[in-house]
Structures are given as structure tokens and as C-alpha cells.
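> Structure incoming, see below.
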Amino acid sequence: MVQRFDRTASGPVVRFSHRTAVYVRAGLAAASLIALLVLFLSQASAGDARSEAKQACKADYSRFCAGTMPGSGRIRKCLGDNYASLSAACKQAFDANPPK
């Protein structure tokens, strides 16, 4: 690894050889891809959890919150207001998916 130290108006600058720069860029690209993969997988699992919660609470939603307009957490609030009357499966899904 060949390093050169140059001086600029803002201070010293470290310059690496071309080979080292290629390795650094490849490492950064690999780290970025891994981060994107982790993000994608976490979003997919969050979507699965929401889908399971919707299925578990479908009957409770129809019984207690049928007139509630979706969005801005209104359905979650309605189900929370009726928590004592929810089915066991819906309570479990409700507890497993805390609000953001």
C-alpha cells in the first residue's frame, strides 16, 4: 500500500495507490449491498407481520371498527380502545406489533 501525503489549503490529504483505492471501493460497494439486503429483508418481514395481524384482527375490525376510516393509526386506535373485547389471536398480533 503506497501512501502519499499531499498538502492542500484545508490540510494534509492521504492518497492511496490505485490498487488500494479499488479494494476500498469494492469493500464499500459490498457493505452497501449488504446494508440494502438487510433493509429489504427487514421490510419484507414487517410486511408479513402486518399481513398476519390484519388476518388475525379481521373479524374484530368488522365487529368494532367497521365505520373507522383507515389511515393515520385510526384502526389501531379503535382496536386498542376495544382491547378487552378483542379475540386472543388479535390481542397477540396487537401486542406483537407495537406502534411506530
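> Here are the criteria: (1) at pLDDT 80 or above; (2) of a type outside the set (Lys, Arg); (3) assigned to a helix (DSSP H, G or I). Tell me which single one SER45 does not satisfy.
So SER45 meets the others, but not (1).
> Continuing with the same structure: For residues in segment 59-100 being within 24 Å of the chain's Cα centre (by Cα) and charged (D, E, K, R), which is surrounded by the most Cβ atoms within 10 Å (Cβ to Cβ)?
ARG76
> Which condition number in (1) loosely packed, with under 10 Cβ neighbours inside 10 Å; (2) modelled with pLDDT of 85 or more; (3) β-branched (Val, Ile, Thr) is the one that VAL14 fails?
Of (1) loosely packed, with under 10 Cβ neighbours inside 10 Å; (2) modelled with pLDDT of 85 or more; (3) β-branched (Val, Ile, Thr), only one is false for VAL14: (2).
> Being assigned to a helix (DSSP H, G or I) and touching a Lys or Arg at 6+ places or on another chain (Cβ under 8 Å) is the filter here, so list the residues in segment 65-84 that pass it. If you could, list the steps in order and put the result at the bottom.
Taking segment 65-84 first, the residues assigned to a helix (DSSP H, G or I) are 74-81, 83-84.
Within segment 65-84, TYR83 is the sole residue that qualifies.
The values are calculated or read from the model by the stated rules, or taken from the named source; none is laboratory data. No experiment lies behind these values; they were computed from the predicted model shown. Note that each Cβ is placed from the backbone with ideal geometry, even for glycine, and that neighbours are counted across all protein chains shown.
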